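> Sharing a structure below in structure tokens format, with a few things to ask.
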């Protein structure tokens, strides 16, 4: 009896598990399903796109507009140019990813796959939808994500893991200046109280030289490189309204650089910020004030005089403001000229910190000129031996020189000069000449 009961229970469990399997197994795709194995987005459709809309799982939307010249604009970020490389990467991922398999067309199953509004939609120049893809949750195995196309009720699985970034600033092209270092022929560098310095070169391989003929120092070639790399590829980190107070303060403290290319285009880059400020703190009043703080007259009389020092003033430091860059191009068609009318652009500290600030940062002492051939070659002409110097004459005295044999030295007035007198003594009388005694 117990054996029959056990066998019956096993049969019931088998039926239940079989029913669960058939209820949860993936549905077989139609034999002729055209999507399986194909790209999520074909390149021909992508080429017709004039507008792309991205909607996140939270319902936040972003619109990117394609221009006639192939560039993009970010509608939600002041119509600024789009980051072409990021947009190309995003579309390229859709071109390269494949539809792995059909999952289901069952509405009950689809309801559990979390299609909550995440969407990518492409529209052509006539504002007609040419492609759209809704995104559900990631698969439980982590092998991909569930997707649906247009109004098709079928759900598919793709191996693409796609992040739907709907922060408008993240899609904007942050580059304000795009000039390669090798294309720059002349640069103007401000050096604070040292004024501005102009450096130039005739070709990209020539060394930089100062345009000031009075400058005798040599340019440090490595010190010019940060100017070219930092300012030639300047990016902004954030933007504000042109009339923002921080931007207005920065304009009062600008250092203006210029980059001129070999083809004659000039970019002017003015960078500045509000400097750090030390502000005197207001004095703090004592807890007791007024006549009562003086105490009783007896207490005042009993106090002994002290060598009290005056209170030292206290200052609070107000941090410097953010760096702002104001850029203009000599080419009136350059997009950066219009950008400066729309926004004020902040740049990171590293864009400024490595720029030369004094002449000593930019110049070094020139090496001494090489020795000439005439001065370095050994002399072959015979040298004339210098005449020997005469021995110093000794002071003559009457005892040392006989009167009967006078010498030329004794006849010299210098030889008969008396020795110098010591301080406080009378000078000695000059000895008489032997010739004078005759």
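> Looking only at the range 127-144, which residues are out of contact with any strand residue (DSSP E or B) (no Cβ under 9 Å at 6 or more places or on another chain) and at pLDDT 95 or above?
Here is the first cut: in the range 127-144, the residues out of contact with any strand residue (DSSP E or B) (no Cβ under 9 Å at 6 or more places or on another chain) are 128, 140-142.
Result: 128, single match.
> Evaluate the following for residue 69: is it within 32 Å of the chain's Cα centre (by Cα) and in a loop (DSSP other than H, G, I, E, B)?
The answer is yes for residue 69.
> Something else about it: How about the range 219-241: which of its residues are more than 15 Å from the chain's Cα centre (by Cα) and surrounded by 15 or more Cβ atoms within 10 Å (Cβ to Cβ)?
219, 220, 239, 240
> Just name the residue that is surrounded by the fewest Cβ atoms within 10 Å (Cβ to Cβ) out of those in the range 90-119 that are within 30 Å of residue 177 (Cα to Cα) and out of contact with any helix residue (DSSP H, G or I) (no Cβ under 7 Å at 6 or more places or on another chain).
92
Each row is one residue, and each column tells you yes or no for (1) crowded, with 17+ Cβ neighbours inside 10 Å; (2) farther than 10 Å from residue 168 by Cα; (3) touching a helix residue (DSSP H, G or I) at 6+ places or on another chain (Cβ under 8 Å).
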site: 43; (1), (2), (3): no, yes, yes
site: 46; (1), (2), (3): yes, yes, yes
site: 51; (1), (2), (3): yes, yes, no
site: 60; (1), (2), (3): no, yes, no
site: 72; (1), (2), (3): yes, yes, yes
site: 77; (1), (2), (3): yes, no, yes
site: 83; (1), (2), (3): yes, yes, yes
site: 88; (1), (2), (3): no, yes, no
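> Would you mind stating whether residue 127 is within 30 Å of residue 205 (Cβ to Cβ), surrounded by fewer than 16 Cβ atoms within 10 Å (Cβ to Cβ) and out of contact with any helix residue (DSSP H, G or I) (no Cβ under 6 Å at 6 or more places or on another chain)?
In short, no.
> Take residue 240 and tell me if it is under 30 Å from residue 54 (Cβ atoms), in contact with a helix residue (DSSP H, G or I) (Cβ under 7 Å, 6 or more places away or on another chain) and modelled with pLDDT of 95 or more.
When the stated conditions are applied, residue 240 passes them.
> Are any residues in the range 72-85 part of a loop (DSSP other than H, G, I, E, B) and over 22 Å from residue 95 (Cα atoms), and if so, which ones?
75, 76, 77, 78, 79
> Among 297, 355, 362, which is modelled with pLDDT under 75 and either over 30 Å from residue 197 (Cβ atoms) or touching a helix residue (DSSP H, G or I) at 6+ places or on another chain (Cβ under 7 Å) (or both)?
297
> Can you pull out the residues in the range 166-199 that are in a loop (DSSP other than H, G, I, E, B) and either modelled with pLDDT under 95 or crowded, with 16+ Cβ neighbours inside 10 Å (or both)?
Result: 166, 173, 174, 176, 177, 179, 191, 195.
The values are calculated or read from the model by the stated rules, or taken from the named source; none is laboratory data. Note that the structure is predicted; figures quoted are calculated from it, not measured. Here Cβ is always computed from backbone atoms with ideal geometry, including for glycine, and neighbour counts include all displayed protein chains.
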